[in-house]
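The values are calculated or read from the model by the stated rules, or taken from the named source; none is laboratory data. What you are looking at is a predicted structure, and each value in this text was computed from that prediction instead of being measured. Here Cβ is always computed from backbone atoms with ideal geometry, including for glycine, and neighbour counts include all displayed protein chains.
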Amino acid sequence: MRPKLKNSPTTNWLVAVETSSLQGSLALFRDHQLVSEITWHRQGSHAEVATGALQSLLKIASIEVNDLNAVAVNIGPGSFTGVRVGVNLAKSLGFGLGIPLICRNTFDVLANKTPATHPYCTIVLNAYSGLVFRCTYQRTERGWLKAGPQEHLLSLQELGTNIPSNCLVVGETGLLGLSGQFETRCDLPHAISLGELACKDLSSGKVHNWTEVHPLYLRASRAEENKKV
């Protein structure tokens with residue numbers, strides 16, 4: 001059964017939770033308009049920062065946690081621990097407040113931040129051990145839409161043969177050493193971009209119950225892979 005938005009005589013509040021990379025962020029939206037955001041760079045676990053950041057964000061807007069009507073979360077891929085922190089926070093809010101969740105993946109969040117300067121953009125994420133996650137989008141009148149085979153796990157060597165011509169490569173490009181090989185834009189996902197997508201999904205009814213939301217892992221963690229050796 002899908003949860004419904006709380007009845008509110010005045011406003012609807014949505015908080016977006018982004019903890020999939022070394023940079024964490026929260027963004028608060030009122031009636032689909034950005035009110036405030038908080039960004040931090042992880043020193044330890046995002047769990048040490050995220051809950052306090054949420055309280056600060058609510059205080060800025062002079063509202064209580066019970067005023068929230070929906071929560072959005074980036075389900076990954078990304079840092080295994082970071083993704084879990086964000087998903088667990090979102091699920092806790094969904095369960096405790098009885099509000100719907102909106103899920104987006106890291107590829108969509110980064111594509112939404114990318115200016116439409118090229119016919120294509122390819123999002124690349126570090127999968128470690130010489131591997132990358134890749135997802136390509138095509139520019140359309142409706143914005144960036146996924147094009148062709150999606151969310152592939154490739155080696156850095158294979159990546160070069162899987163990039164369309166006239167394509168902007170976006171993501172952890174500096175860390176991956178791609179800046180000299182392609183036209184690149186170094187970027188990390190942010191809660192504002194996630195929230196913008198979530199507001200559209202909320203309007204069209206693309207919401208989930210907290211029990212339906214799980215991290216998106218496209219490969220096993222290094223710890224899990226080491227156990228198999």
Taking the stretch 151-169 and keeping residues touching a Cys at 6+ places or on another chain (Cβ under 7 Å) and more than 21 Å from Tyr217 (Cβ to Cβ) leaves Cys167, Leu168
Return yes or no: is Val132 surrounded by 20 or more Cβ atoms within 10 Å (Cβ to Cβ) and touching a Ser or Thr at 6+ places or on another chain (Cβ under 7 Å)?
no
Under the condition of being in contact with a Gly (Cβ under 6 Å, 6 or more places away or on another chain) and not in a helix (DSSP H, G or I), which residue from the stretch 193-217 is farthest from Lys91 (Cα to Cα)?
Leu216
Only unsatisfied item for Arg104, checking (1) surrounded by 14 or more Cβ atoms within 10 Å (Cβ to Cβ); (2) charged (D, E, K, R); (3) modelled with pLDDT under 95, is (3)
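Each row is one residue, and each column tells you yes or no for (1) touching a strand residue (DSSP E or B) at 6+ places or on another chain (Cβ under 9 Å); (2) free of Cβ contacts under 8 Å to residues at least 24 places away in the same chain; (3) under 13 Å from Trp13 (Cβ atoms).
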{"position": "Ser36", "(1), (2), (3)": "yes, no, yes"}
{"position": "Thr39", "(1), (2), (3)": "yes, no, no"}
{"position": "Arg42", "(1), (2), (3)": "yes, no, no"}
{"position": "Thr51", "(1), (2), (3)": "no, no, no"}
{"position": "Ile63", "(1), (2), (3)": "yes, no, yes"}
{"position": "Ala70", "(1), (2), (3)": "yes, no, yes"}
{"position": "Leu93", "(1), (2), (3)": "yes, no, yes"}
{"position": "Ile99", "(1), (2), (3)": "yes, no, yes"}
List every residue pair whose Cβ atoms lie under 8 Å apart, where the two residues are 6 or more positions apart in sequence or sit on different chains, the first residue falls within the stretch 189-217 and is in contact (Cβ under 8 Å) with a residue 12 or more places away in the chain, and the second residue, located anywhere, is aromatic (Phe, Trp, Tyr) and surrounded by fewer than 20 Cβ atoms within 10 Å (Cβ to Cβ).
Trp210/Phe95; Pro215/Phe80; Tyr217/Phe80
Residue among Gly52, Gly82 that alone is of a type outside the set (A, V, I, L, M, F, W, C) and either surrounded by fewer than 24 Cβ atoms within 10 Å (Cβ to Cβ) or not in a helix (DSSP H, G or I) (or both):
Gly52
Qualifying position, being assigned to a helix (DSSP H, G or I) and either in contact with a His (Cβ under 9 Å, 6 or more places away or on another chain) or surrounded by fewer than 19 Cβ atoms within 10 Å (Cβ to Cβ) (or both), among Gly96, Gly44
Gly96
Please find, among Leu154, Leu110, Leu125, the residue that is of a type outside the set (Ser, Thr, Tyr) and not in a strand (DSSP E or B).
Leu110
Qualifying position, being assigned by TED's automatic domain parsing to the domain that holds Val207 and farther than 15 Å from Gly195 by Cα, among Ser62, Ser25, Ser20, Ser36
Ser62
